[in-house]
Amino acid sequence: MADGRPTRIPLSQLARGQRAQVECSALDSLPSEHRCLLAAMGLGETCEVRVCRTGSPCIVQIDQTRLGLARSVADKIMVTPIAAK
Amino acid sequence: MIPRIALLGNPNTGKSTLYNRLCGLRTKTANFPGSTVEHQSGRCAVGDRGEVELIDLPGVYSLMLEIPESRLCRDCLEGRIGDRRPDAALLVLDATNLPRNLQFAASALARGLPTVVAINMIDVARGRGLALDEAAATTQLGVPVIAISARTGEGLDRLRQALAAAGTPTAPRPSPRTPYPHSQVGSPESMRWSATVFDAIARHSADPAPDDSSLHDRLDHAFTHPVAGLLTFAAVMTLLFAAIYWLAQFPMDAVDSTFGWVSVNIVDVMPAGTLRDLFVNGIVGGVAATVVFLPQIVLLFFLLALLEDSGYLARAAFAVDRVMRRAGLPGQAFMPLLSAHACALPAILSARVIPNPRDRLATILIAPFMSCSARVPVYVLLTSLLFAGEPLLAGIAFTSCYVLGALAGLVTAKVLRASLLRGPSSPMVLELPAYRWPSLRTAVGVAIERGVMFLRNAGSVILAIAIVMWWLSAYPKASPDPASVALHDRAVQLAPSDPAAAADLEADATRLDERHQQSESFAGRVGRTLEPIFAPIGLDRQLTVAVLTSFLAREVFTTTVFVLAGAGSEGDAADSGTLARVRTATRDDGTPLFTKPTAASLLVFFVLAMQCLPTLVVVARETGSWRWPLAQLLYMTLLAYGGALLVYRLFETA
């Protein structure tokens, strides 16, 4: 974040316990059936995620929902880390 | 015509618990009229003496997804499947996860069907500090909203009243405070709508429950870990089967002695003859040989339901995913393959959740390798014959059968995915439901339902097969064996001087006659003709017939063995249990029917063989041709025969 703008990184690169915001068109590199399913499961654009487990599976929490994601899916979801409060 | 109500909701909202609670045992699995799609439907008492038909649709995250379950829900709601549209919908939402569930509610309510919304798990949500305003929710959503707990029964009376009203032709259509969003679940518009409604109907108390997410994180980490997760899974499964094996022996003894008592009483009250023989050896004995395994089936489903309810199985899916991926299978194949350990039929149907067609076909083709509950009776019989009086070794052999079946399936999948079904498989995405104490009530419900299904089968198909097998082994009546006639004559001569010796001779003569009758009967002739095919794996004519009949359904094997090997020995049936009677059965030459090599070879045969006609029919239906099921039958039978041959030779030389 050297230029003051938040950087987009793949979800799989977040550390455990870190929070991040899923950005607009962050899921675009996924096949459409995955994109729709993830959004319906709660992992949609603009939502906030917390990483519960890194690696494979990557486990994230969105509100009260916990999702397990294969590494290959987590690699393709772009997020902006939220600085710890 | 009673009103028809469709039951809708996200997965993990307690929809099945509610369904079981509302319908109890008044539920059945049936096809939608004019289609091959199965569904559960049940009768539910509502209002004052009213009744509705509930249709349990699969749990989905969105009605608009291009996956079979979503399509099924759409087809049902729009009347494209079944003979008519449902009259109303019952929507189940999870109170602990309302924002996401409200989005689903909006998309379902926008369809305009009279609807009742049940906000489930209200007790858990309340414990976490959530206060729900039911009246505000009713206004906001534009339909009756009732907070319930399907586990404790809270709110269910009011729900039944609301269902009665929703089922009437004059039931109002949904009319929300804020119009339902037009876009799909998960879209920004839908998320905004749900956030607005959530703020209007619920609020968190100032004193929220303590955050247990770090404990959750640690458990999730351990259960999905590549090494610890797999070891945990192996330990859980071993404990599960050990518990089934150990706990089931008590009720099994009770069932066994009950049927024994019935046989003794029939022998006492009925005159000797064909009819008594039919009752004792055909009907009572034949059905007992299957029903004695009821405790195993019930326990298996009970414990699996507890595990699923606890939230553990979703984590186990990820632990096993790595192994399955090596075999070229997707993580989504875990639940179908695990449920194949109960029965291959629902497993093959549930393989529809696998989006990739090659993954789905590979899963369907290997599902029958998993040790289904119909194999349990055969495993129990054969392992206890193989290791009589050694429960530990028998238990290990029992578990090994499950491992062997799963390994054979995974290796087959690997070969298939590298040859006929080459191509990438889709990665796994799965919701991990919150951990909780499993509900005994739900698990008991599942176990009873499965037990009733098993008994219904035993009372119809298996009873019929038992009677047919009895007839085939009792007819045509053979002329007396010359050897037994000679014995009988000597007994008559001896009787005045030595009555004890005469009685012994008389008993020997009877045994010879029964043996002769067996061998000359229809079953005996078929067995003798085909015996050469099965002799290399240690089967005689009786076991050959038992293996052939078990093609209809595996559990029939125990029934056939009992009826064929035990026929004519009424005294034995009364004195000793089913297992003891089979254990002492002999071949025509007087050697034991089950030697160790024979029991071991049959065990391997049953682990690997496709001995199930209904499975073949379902595979043909799901794959759209008879090509796959016939290839599957040929492959599995050859593999089973080869495996059995190898084990038989190993045990013989050992």
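Counting each DSSP H run of 4 or more residues in chain B as -39500 (n - 2.57), what helix-only mean residue ellipticity at 222 nm follows after dividing by all residues, to the nearest 500 deg cm²/dmol?
Working: 30 runs with 390 residues, N = 654.
Using -39500 (n - 2.57) per qualifying helix, the result is -19000 deg cm²/dmol.
Run down the aspartates and glutamates and flag those whose C-alpha is under 14 Å from the C-alpha of B:K477, throwing out any fewer than 8 positions away in its chain.
Within the straight-line limit of under 14 Å, B:K477 reaches these aspartates and glutamates: B:D277, B:D513, B:E514, B:E520.
Just checking the output field for B:317-323: average partner chain Cβ neighbours within 10 Å of each residue's Cβ? Spell out each step's value before the answer.
On the way: counts 2, 7, 1, 0, 4, 2, 0.
That works out to 2 on average.
Would you work out which of B:P144, B:L65, B:L386 lies farthest towards the positive end of the dipole of chain B? Charges go on Cβ: Lys and Arg +1, Asp and Glu -1.
Of B:P144, B:L65, B:L386, it is B:L65.
What Kirkwood radius, in Å to one decimal, follows from the Cα pairs of chain B? Don't skip to the answer; put the middle values down first.
On the way: mean 1/r = 0.0361 Å⁻¹.
Kirkwood radius, chain B: 27.7 Å.
Which whole number gives the average, over all residues in B:420-429, of C-beta atoms from other chains lying within 10 Å of the residue C-beta? Don't skip to the answer; put the middle values down first.
Numbers: counts 0, 0, 0, 0, 1, 0, 6, 12, 8, 13.
Counting Cβ atoms of other protein chains within 10 Å of each residue's Cβ and averaging gives 4.
Which values, in whole Å and largest first, are the semi-axes of the equivalent ellipsoid of the stretch B:406-452 obtained as the square root of 5 times each eigenvalue of the Cα gyration tensor? Working shown, then result.
Details: eigenvalues 259, 69, 16 Å².
Ellipsoid semi-axes (Å, largest first): 36, 19, 9.
Would you list the P(r) distribution for the protein assembly as shown, with all Cα-Cα distances sorted into 10 Å bins from 0 and each bin expressed as a whole %?
Going from the shortest bin to the longest, the percentages are 3, 13, 21, 22, 17, 12, 7, 4, 2, 1, 0, 0.
Within chain B, which complete DSSP H helices have Cα atoms spanning at least 27 Å along the helix axis and a mean Kyte-Doolittle hydropathy of 0.5 or higher? Walk me through the numbers on the way to the answer.
Values: long enough: B:228-269 (61 Å, 1.29); B:391-418 (41 Å, 1.47); B:499-520 (31 Å, -1.13); B:627-653 (39 Å, 0.74).
For chain B, where a helix must reach 27 Å along its axis and average at least 0.5, the hits are B:228-269, B:391-418, B:627-653.
Name the long-range amide H neighbours of B:E51: under 5 Å, sequence gap of 5 or more, or other chain; modelled H, no Pro or chain starts.
So B:E51 has HN proximity to B:V46.
Can you list residues from other chains, or at least 5 along the same chain, whose modelled amide H is less than 5 Å from the amide H of B:E154?
When sequence neighbours closer than 5 places are left aside, the close amide H contacts are B:S149.
Just to be sure I follow the definition: excluding the sites themselves, where is the longest run in chain B that has none of the trypsin sites (Lys or Arg not before Pro) in a DSSP loop with at most 14 other Cβ atoms within 10 Å?
Values: sites that count: B:R26, B:R49, B:R80, B:R84, B:R177, B:R422, B:R436, B:K477.
So the longest stretch without any such site is B:178-421.
Tell me, in nm to one decimal, what length is gained between B:E189 and B:D498 on full extension, where the rule is 0.36 nm per residue of separation less the Cα-Cα distance?
101.2 nm
Per residue of A:55-63, count partner chain C-beta atoms within 10 Å of its C-beta, then hand back the mean as an integer.
What the average comes to for A:55-63 is 6.
Excluding B:R74 itself, what net charge comes from residues whose Cβ is under 13 Å from its Cβ, given Lys and Arg +1 and Asp and Glu -1?
Numbers: positive: B:R71, B:R80, B:R85, B:R111; negative: B:E66, B:E69, B:D75, B:E78.
Summing Lys/Arg as +1 and Asp/Glu as -1 gives 0.
What FRET efficiency do you get for B:L230 and B:A254 if R0 is 41 Å and r is their Cβ-Cβ distance, rounded to the nearest 0.05? Don't jump to the answer; show the numbers that get you there.
Numbers: r = 37 Å, r/R0 = 0.91.
After rounding to 0.05, the efficiency reads 0.65.
About the Cα centre of the stretch B:4-204, how large is the charge dipole given +1 on each Lys and Arg Cβ and -1 on each Asp and Glu Cβ? Please answer in debye to the nearest 20.
On the way: 23 positive and 19 negative charges, 19 e Å.
Its charge dipole is roughly 100 debye.
Under a point spin-label approximation (7 Å from Cα along Cα-to-Cβ), what is the A:I9-B:L645 distance to one decimal in nm?
Going by the 7 Å Cα→Cβ label model, 6.0 nm.
Lys and Arg at +1, Asp and Glu at -1: add these up for the other residues within a Cβ distance under 12 Å of B:A195 and post the number. List each step's numbers first, then the result.
Working: positive: B:R100, B:R192; negative: A:D63, B:E189, B:D199.
Charge balance near B:A195 sits at -1.
Under 20 °C and 1.002 mPa s, how fast does the stretch B:4-204 diffuse according to Stokes-Einstein, given a Kirkwood radius computed over C-alpha pairs? Answer in µm²/s, whole number. Walk me through the numbers on the way to the answer.
Working: Rh = 16.8 Å.
In µm²/s, the coefficient is 128.
Label-point separation (nm) for B:L613 and B:R111, each offset 7 Å from Cα along Cα-to-Cβ?
Distance between the two pseudo-spin positions: 3.8 nm.
Put a dot 7 Å past each Cα toward the Cβ at B:T591 and B:T178; how far apart are the dots in nm?
Label-label distance for B:T178 and B:T591, simple model: 8.2 nm.
At a Förster distance of 25 Å, what's the computed FRET efficiency of B:T152 paired with B:I448, Cβ-Cβ distance as r, to 0.05?
Working: r = 20 Å, r/R0 = 0.79.
Efficiency, rounded to the nearest 0.05: 0.80.
Under 30 Å Cα to Cα from B:K414, which lysines show up? Leave out anything in the same chain fewer than 8 places away.
In chain and number order, the partners are A:K76.
Neighbour counts of other C-beta atoms within 10 Å: give me B:M1, B:M636 arranged from fewest to most. Write out the running numbers ahead of the final one.
Details: B:M1 6, B:M636 21.
By the 10 Å Cβ count, ascending, the order reads B:M1, B:M636.
Where a number appears in this text, it was derived from the coordinates with a stated rule and is not lab data. Here the structure is a predicted model, which is why all the values come from computation and not from measurement. Note: ideal-geometry Cβ built from the backbone for every residue, glycine included; neighbour counts use all protein chains shown.
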